[in-house]
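Student: Quick one: this structure, given as structure tokens, is what I'll be asking you about.
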Amino acid sequence: GSYPTNGIGVLCGGAENVIAIDVDVLNVDAARELQTIVEDELGFAPCRIGRAPKFLMLYRCTESMTKQKTGVYDIDGDDSAVEVLAEGQQFVASGIHPDTHKKYQWPQDNIMDVAAADLTLTTPDAVQRVLARCASAMDKFGIDARVGKYARVERANSGSCGNRSRCYVHPKFR
């Protein structure tokens, strides 16, 4: 096509109120705990992996939401946070990750085969519980950059975050 280096994006929100829980944490133990929290509160969802152990899980909500985010935590020298991508936000669903230079993976699903109406339904209250529980969990692993609260810092391999890919929004998700 005309843009061979661009990925395919999903636009959140819309008629189905699609949201994405984006866990930007490179510490393996912290990421594993955060995924457990998300699944415990919201249920099963398609999961995208670009730069493991970071991941993104896709849901739909009972009502429209705006983007929300935990505080930013310094875990092993990396900025770590959990974001809820919502109305008007987008994420790369398919393409090459800018840091790993490998394809984004959907290990349990082919995202193109999942209709937005078939995503697990959640509520804004459940999403708020996820953010609160995730913030509490990240507090065990690092330093909350907003308030300077020091906590135990786990050691793991770390890396730097690169630039985001520009992406084309597939018509199925507009």
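Student: Going down the list LYS54/LYS103; LYS67/LYS102; LYS54/LYS102, which pairs span over 24 Å between their C-alpha atoms?
Tutor: Details: LYS54/LYS103 14 Å; LYS67/LYS102 27 Å; LYS54/LYS102 14 Å.
Pairs exceeding the cut-off: LYS67/LYS102.
Student: What residues qualify as long-range amide H neighbours of PHE55, i.e. H under 5 Å apart, gap of 5 or more or another chain, H built at 1.01 Å from N?
Tutor: Long-range HN contacts for PHE55: VAL23, VAL25.
Student: Right, another one. Run the numbers for GLN68 and ARG32: contour at 0.36 nm per residue of separation, minus the present Cα-Cα distance, in nm.
Tutor: So the chain would gain 10.9 nm between GLN68 and ARG32.
Student: Rounded to the nearest Å, what's the spacing between the alpha carbon centres of the range 68-135 and the range 1-58? Just the number, please.
Tutor: Here the two parts' Cα centres lie 3 Å apart.
Student: Along the range 91-96, what does the Karplus equation 6.51 cos²θ - 1.76 cosθ + 1.60 (θ = phi - 60°) give for ³J(HN,Hα), rounded to whole Hz, x for Gly and Pro?
Tutor: Once θ is set to phi - 60°, the couplings for the range 91-96 become 9, 7, 9, 8, x, 9 Hz.
A short reminder: the numbers here are calculations on the coordinates, not readings from a lab. Since the structure is predicted, the reported quantities are computational estimates derived from the model, not experimental observations.
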